[in-house]
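Where a number appears in this text, it was derived from the coordinates with a stated rule and is not lab data. Only a predicted model underlies this, so the values are computations on that prediction, with no experimental measurement involved. All Cβ positions, glycine included, derive from the backbone under ideal geometry; neighbour counts span all protein chains shown.
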Amino acid sequence: MSESIEVIDNFLPDELFHPFAYACMTNPMYQPFDATATNEESDGSIMSFGENLVENQELAETLFSAQIFFRNADQIHVSNFWLYYDEYFQKLEELLNIKRWIQLRVNCTTGQPKQHIGAYHRDFPFRDFKNYKTCILYLNTNNGGTKFQKDGELIKSKKNRLVKFPTLTMHAGVWATDAKLRYVLNMTYEEN
């Protein structure tokens with residue numbers, strides 16, 4: 001494993017993880033996307049209302065995402081979920097040594113008949129600061145995960161496992177074949 005990739009099992013105490021993960025997975029806040037990592041994955045299901053579908057697009061490239069917190073150049077967007085579960089996000093700030101949040105979202109991908117590896121990408125590639133980190137907290141266990149381009153390593157989705165790496169690290173989601181839904185809490189932040 002690369003020195004810059006850190007994996008922590010049982011990241012949150014059970015009494016915090018279980019209610020928080022359940023709330024993340026069951027809250028009615030998800031928005032569908034017909035792409036997961038790049039706009040080129042879109043087949044036109046949404047933007048062209050399905051009238052001009054791009055042929056031969058990978059059907060697995062579908063994502064349901066719930067934006068919890070997002071910071072851009074001049075605004076901060078927070079969801080009701082952020083406000084209601086504030087104590088959990090404060091605990092994450094403490095454990096991860098966060099100076100400021102950039103984004104938090106819950107992503108849900110659907111199970112596939114064969115394992116699919118998404119496009120390699122960087123979270124927030126316009127940021128080039130050394131202290132920016134991306135963390136993925138797996139909310140449920142399945143045979144999907146996160147694959148890293150540099151060494152091909154696959155970190156498996158296991159409930160309450162956290163993987164932490166520099167934001168500019170190329171990585172890809174890996175869809176599950178043994179579960180209908182794969183949930184992750186994706187976090188990008190500036191570290192103290």
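Here are some notes:
- Cα-based Rg of segment 99-157 normalised by 2.2 N^0.38 Å, two decimals: 1.29
- Sequence of D9, D34 once ranked by neighbouring C-beta atoms within 10 Å, starting from the fewest: D9, D34
- Gained length - L181 relative to E87, 0.36 nm times residue gap less alpha-carbon distance: 31.2 nm
- Cross-link pairs exceeding 29 Å in C-alpha to C-alpha distance, out of K91/K130; K114/K150; K91/K150, comprise K91/K150.
- Across segment 170-180, computed HN-Hα scalar couplings (Karplus, 6.51 cos²θ - 1.76 cosθ + 1.60, θ = phi - 60°) run 6, 8, 9, x, 10, 6, 7, 10, 10, 8, 5 Hz from first to last residue, x flagging Gly and Pro.
- A Förster radius of 22 Å combined with the Cβ-Cβ distance from D151 to I8 puts the calculated FRET efficiency at roughly 0.70.
- Mean ellipticity per residue at 222 nm, deg cm²/dmol - from DSSP H runs of n ≥ 4 across the chain, formula -39500 (n - 2.57): -4500 deg cm²/dmol
- Dividing the Cα radius of gyration of the chain by its Kirkwood radius returns 0.95 for Rg/Rh.
- Note on the chain: GNM, Cα springs under 10 Å; of N160, N107, N80, the largest mean-square fluctuation is that of N80.
- When restricted to Cα atoms, segment 139-192 yields an Rg and a Dmax of 11.7, 38 Å, respectively.
- For T36, T26, order by how many other beta-carbon atoms lie within 10 Å, fewest first: T26, T36
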